[in-house]
1. What's the longest bit of the chain with no exposed trypsin sites (Lys or Arg not before Pro), using DSSP loop states and at most 16 other Cβ atoms within 10 Å as the test?
2. Ignoring ligands, DNA and RNA, what accessible area per residue does the stretch 152-238 give at 1.4 Å, in Å²?
3. So how far apart, in nm, are the two label points at Arg2 and Arg184 if each is 7 Å from Cα heading toward Cβ?
4. Assign unit charges at the C-beta atoms only (+1 for Lys and Arg, -1 for Asp and Glu), then state the dipole size of the stretch 161-237 relative to its Cα centre in Debye, rounded to the nearest 20.
5. Between Asn109 and Phe139, 0.36 nm times their residue separation minus their Cα-Cα distance comes to what?
6. Please compute one quarter of the surface area of the Cα convex hull for the chain and express it in square nanometres.
7. Tell me, which longest segment in the chain has none of the GluC sites (Glu not before Pro) that fall in DSSP loops with at most 15 further Cβ atoms within 10 Å?
8. Assuming R0 = 22 Å, what is the FRET efficiency of Val303 and Ala155, from their Cβ-Cβ distance, to the nearest 0.05?
Amino acid sequence: NRLIINAGFKFVMSNAWNNGWKGESGHPTGARSGANTTEPLPQLSISYQINENNQIYVNAEGDYRQPSATDLGWMYAGTPLPKNQYSIKEELGYRYHNKYVMVDLSLFNYNVTNRIVDQYMGMNQFSPMSIGNQTMRGFDLMVAGTSIHGFSPYASIEYLHATQDSDINQSVHAKGNQAIMAPRVMANFGLTYTYKGFFANGAVHYTGPQSVSISNDQRIPGYVTDTLSLGYHFKPFSFLKSPTFKLNFTNLTGSIVRTGAMGAVFSGKDRNANLVWSGSNAGAVGTGNSFMVEPRFTMVGSVSTSF
């Protein structure tokens, strides 16, 4: 009973379509685009229990993504739909655990075909597009400790080497670039404390620098975010089975950092991205990407129970 093998297969048949209800300029009402697609999704997982504390495992699967209905709403009807994104994933891992600690190390490799991203058009409008093929390789390491005097630590780190394997078109050179919105390093550290009814959890997350344009000419630096939760589980009272009071804090330092891009752009000078019109509306200047910013210090309280 040390070796466990699970294998399966799914086959997806999908029909996606888009109607031009509003009669956009140059695209009459009723114009229609659509596609019938099929995707094979094999899955395989193997684990081998070496002994009570050590295990190795292998996972492999096919996965896909198609443009969402929300994305398609911003495309002109009659425009060909992007091909489905398809990924082949392989993972090799090792787990160790005893009464004090649990460790998980995994190596992964993803080959992505027709990666779909949402291009930010400005004015809260997005349009899906395929940016070709990508390769993503790296490792994940996680360490978690069991409770010692009420304290339970947790830490993880991921290294991701993601590259663009193809150019988008003749004017946008992307082959060999760092894949868009794929930071090389992500790390987490957390600490949980429990004592009788009291509980607390603090966490710090680091995300490394990343490209936010396909041509790699616009980037955002690495950033740190943090959260803290404090609460108390009261004893059951009358018909209240688990009365709980909880406070959640985010961005304890009140820092202002960019935490992500609104969408994908070809370059920081892309005239189709985030267009800013002049006072005379005579032309537009591309300003590159737009960004999501970490909210300032926030505190939220809640009271809950089950009955």
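The values are calculated or read from the model by the stated rules, or taken from the named source; none is laboratory data. These numbers were taken from a predicted model, which means no experiment stands behind them. Glycine gets a Cβ as well: all are built from the backbone with ideal geometry, and neighbour counts include every protein chain shown. The accessibility values were calculated without ligands, DNA or RNA, using every heavy atom of the protein model including side chains. Shrake-Rupley method; radii C 1.70, N 1.55, O 1.52, S 1.80 Å.
1. Details: sites that count: Arg2, Lys22, Lys83, Lys99, Lys175, Arg184, Lys196, Lys241, Lys269, Arg271, Arg296.
The segment 100-174 is the longest one with no such site.
2. Values: 4670 Å² over 87 residues.
Value returned for the stretch 152-238: 54 Å² of accessible area per residue.
3. 4.0 nm
4. The dipole of the stretch 161-237 has a size of about 400 debye.
5. 9.9 nm
6. That works out to 22.6 nm², a quarter of the Cα hull's surface.
7. 53-307
8. Values: r = 32 Å, r/R0 = 1.44.
For R0 = 22 Å, the calculated efficiency reads 0.10.
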